[in-house]
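Written below as structure tokens is the structure these notes are about.
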Amino acid sequence: MRQVAPPRTYRVKSFGCQMNVYDGERMGELLAERGLSVAPEGEDADLVVLNTCHIREKAAEKVYSDIGRLRREDGSSPLIAVAGCVAQAEGDEIMARAPSVSMVVGPQAYHRLPEMLDRATKGERATDTDMPADAKFAALPPRGKGGRRSGPTAFLTVQEGCDKFCTYCVVPYTRGAEISRPYADLIDEAARLVDAGAREITLLGQNVNAWTGEDSKGRALGLDGLIRELAKLPDLQRIRYTTSHPNDMTEGLIAAHGEVGKLMPYLHLPVQAGSDRVLKAMNRSHTVESYLKVLERVRTARPDIALSGDFIVGFPGETEAEFAETLSLIDAVGYAAAFSFKYSPRPGTPAATMEGQVAMEVMDDRLQRLQAALSRDSLAFNRASVGKTCDILVERKGRHPGQWIGKSPWLQSVHFEGESRFGEIVTVDLAEAGPNSLAGRLVERAPA
Ligand code: SF4
């Protein structure tokens, strides 16, 4: 590759989960620390980072079409770095198939992006897919450094990797073993985010509720202990966490939902299927009954909690009767929200070579029926909120003049008209409900 002038502008395109969004923000901070600035909207960037997701089929192929789209009319390309889970899983192949790519960096190695960039400007192509994660966090610049502001909501990765090895999932292979970030680093990063303007922090992890640590007195803590400590930050108004595993919902964490006012009444707890035979084949290491028992205890601790789940239809061998069990589970829970997908064979996962792969048209039909049930319940949840008065964290302006959009404690999107500003918490009467959002009337402003 030929030498190129050091880039002045960059763009990070993140695909997939919130952890990729978090990593994208951190890579941006690293590049800003090197004096690069974000390329203005609509303008070409000198450096483009494609922060990829590997969770679904065709993910890798999508990367190549994204790379192709970066080619300019004169045949030249910006400096291209491929990051994220496809980089981790298929780094060498990307280097072989895409000569315009000069850097491939895995999710646990992106703290070395600046030095890879130095080599790339000298014409050297570089791949770095090292693990483990802890080296990364120690090498990243502190949040909010140089006066960088945060939006009203921010992500904070507290845990990475996964030891569960569900048979359909690539995460244990692309993100590595579970690690918990040190307590002191998390308290410090959260305080910096709040100083920079965040009023709500979502704690992230592939198995966030597996986080463990020790506080400044050496006491062992679980995620609930961390949440209780973060709740002591005066200007932090709201705390959320995602994504959890049913087996790591401790008594302490369930109790925190009833006792910590700043912990929002929303729990995303994936289950994937409603049949114990399918759950076993998925290696989810829980049953439908144990999952429902966890939800029952959570609802006892916080009766108005909004529940959200993840579902996969068409897992190898899934029969119509087993799919019907998933629909029964949905009827039993009444989810406020949920994510649902067709099973997608991932290279290197046990399920990809299992017998009984389900036909695409069968999966399409099941996904449609499943999503109809989920939409029915999320609309019912929103309708049940009409007439309530609740606090909304204002996140952005709406499409109409004087309109604002924010989130309710139950993570519902709410729009209202009136005087307000970013990051403010206002009180709103919920007046109308739709499947994905509510309309409200401004009651009063919370004291600044
Ligand atoms: S618990 Fe989640 S991240 Fe871990 S293997 Fe299962 S699906 Fe993947």
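The values are calculated or read from the model by the stated rules, or taken from the named source; none is laboratory data. What you are looking at is a predicted structure, and each value in this text was computed from that prediction instead of being measured. Ideal geometry is used to build each Cβ from the backbone, glycine not excepted, and the neighbour counts take in all protein chains shown. Quick note on the areas: whole protein, heavy atoms, side chains included, nothing else; ligands and nucleic acids left out. Shrake-Rupley method; radii C 1.70, N 1.55, O 1.52, S 1.80 Å.
Can you say whether ARG26 is surrounded by 16 or more Cβ atoms within 10 Å (Cβ to Cβ), out of contact with any His (no Cβ under 7 Å at 6 or more places or on another chain), charged (D, E, K, R) and not assigned by TED's automatic domain parsing to the domain that holds LEU203, as far as the supplied structure shows? Let's see the steps before the verdict.
Numbers: surrounded by 16 or more Cβ atoms within 10 Å (Cβ to Cβ): yes; out of contact with any His (no Cβ under 7 Å at 6 or more places or on another chain): yes; charged (D, E, K, R): yes; not assigned by TED's automatic domain parsing to the domain that holds LEU203: yes.
When the stated conditions are applied, ARG26 passes them.
Take LEU292 and decide whether it is modelled with pLDDT of 95 or more and surrounded by fewer than 20 Cβ atoms within 10 Å (Cβ to Cβ). First the steps, then the outcome.
Numbers: modelled with pLDDT of 95 or more: yes; surrounded by fewer than 20 Cβ atoms within 10 Å (Cβ to Cβ): yes.
Here the answer is yes, as LEU292 does meet what is asked.
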Query raised in the report: Of the residues that make up the range 30-45, is at least one crowded, with 17+ Cβ neighbours inside 10 Å and among the small types (Gly, Ala, Ser)?
Result: yes
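Picking from ARG181, ARG175, which residue would you name as being farther than 16 Å from GLY28 by Cβ, within 16 Å of the ligand (Cβ to nearest atom) and touching a residue at least 40 places away in the same chain (Cβ under 8 Å)? Steps first, please.
Working: ARG181 fails: within 16 Å of the ligand (Cβ to nearest atom).
Only one candidate passes the filter, namely ARG175.
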Query raised in the report: Can you name the number of the only condition in (1) open to solvent by 30 Å² or more (accessible area, probe 1.4 Å); (2) at pLDDT 95 or above; (3) over 21 Å from LEU307 (Cβ atoms); (4) of a type outside the set (S, T, N, Q) that VAL428 fails?
Result: (1)
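Go through the range 207-231 and report how many residues are aliphatic (A, V, I, L, M) and within 16 Å of the ligand (Cβ to nearest atom). Please lay out each step first, then the result.
Pass one, the range 207-231, residues aliphatic (A, V, I, L, M): 208, 210, 220-221, 223, 226-227, 230-231.
Still in the running and within 16 Å of the ligand (Cβ to nearest atom): 208, 210, 223.
Final tally of qualifying residues: 3.
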Report task. Scan (1) open to solvent by 10 Å² or more (accessible area, probe 1.4 Å); (2) more than 19 Å from ARG125 (Cα to Cα); (3) among the basic types (Lys, Arg); (4) in contact (Cβ under 8 Å) with a residue 24 or more places away in the chain for the single condition ARG71 breaks and write down its number. Result -> (2)
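Scan the range 291-312 residue by residue and report those that are away from the ligand (no atom under 15 Å from the Cβ) and of a type outside the set (D, E, K, R). If you could, list the steps in order and put the result at the bottom.
Of the range 291-312, the ones away from the ligand (no atom under 15 Å from the Cβ) are 292-293, 295-307.
Once the filter is applied, which keeps residues that are away from the ligand (no atom under 15 Å from the Cβ) and of a type outside the set (D, E, K, R), the range 291-312 yields LEU292, LEU295, VAL298, THR300, ALA301, PRO303, ILE305, ALA306, LEU307.
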Report task. Of all residues in the range 133-168, count the ones that are open to solvent by 40 Å² or more (accessible area, probe 1.4 Å) and within 16 Å of the ligand (Cβ to nearest atom). Result -> 3
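Given the residues GLY398, GLY402, which is the only one that is open to solvent by less than 30 Å² (accessible area, probe 1.4 Å), of a type in the set (Gly, Ala, Ser) and over 22 Å from ARG299 (Cβ atoms)?
On the way: GLY402 fails: open to solvent by less than 30 Å² (accessible area, probe 1.4 Å).
Of GLY398, GLY402, the one residue that is open to solvent by less than 30 Å² (accessible area, probe 1.4 Å), of a type in the set (Gly, Ala, Ser) and over 22 Å from ARG299 (Cβ atoms) is GLY398.
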